[in-house]
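A short worksheet on the structure shown next.
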Amino acid sequence: MACAIERESLDDTWLVQASLWLASVRGNLDDSLLLEDGKLWLTRRYAPKLEYAVGQTQLNQQLAIARWLATHGESKPETAELTRRWR
């Protein structure tokens, strides 16, 4: 299964760091990143037969990772604006 990861920009450094992080997490051995036609995907291999509760838990984990990757490293305009105002 694949989840699209929407980001404002994709730079090489971020992609390398995200890939290394994903590879370093022991529980994510079935996860990978796929960059295709400028679109980033988080893919996960699922066992052919899963109990419903296990499948739901794994899907929720995949979605949480995709959300984290979508926002990790992005600048937050409201925070940047506050920082500029207080300098």
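Laboratory data are not the source of any read-out in this text; all were calculated from the coordinates shown. Worth saying up front: this structure is predicted, and the values here are computed from it rather than measured. Note that each Cβ is placed from the backbone with ideal geometry, even for glycine, and that neighbours are counted across all protein chains shown.
Annotation: of all residues in the stretch 26-43 being under 13 Å from the mean Cα position of the chain (by Cα) and hydrophobic (A, V, I, L, M, F, W, C), the one that is surrounded by the most Cβ atoms within 10 Å (Cβ to Cβ) is Leu42. Which residues, taken from the stretch 1-30, are over 27 Å from Gln56 (Cα atoms) and of a type outside the set (Gly, Ala, Ser)? Matches in the stretch 1-30: Glu8, Leu10, Asp11, Asp12, Thr13, Trp14, Leu15, Val16, Gln17. Only residues that are of a type in the set (Val, Ile, Thr) and part of a helix (DSSP H, G or I) were counted in the stretch 12-62, giving 4.
Inclusion of Glu51 among residues that are under 17 Å from His72 (Cβ atoms) and among the charged types (D, E, K, R) is not warranted. Listed by first and then second residue, the pairs linking a residue in the stretch 44-73 that is loosely packed, with under 11 Cβ neighbours inside 10 Å to a residue that is charged (D, E, K, R), with Cβ atoms under 6 Å apart and 6 or more places separating them unless they lie on different chains, are Arg45/Asp30. The set of residues from the stretch 7-24 being surrounded by fewer than 11 Cβ atoms within 10 Å (Cβ to Cβ) and of a type outside the set (Ser, Thr, Tyr) comprises Glu8, Asp11, Asp12, Val16, Leu20.
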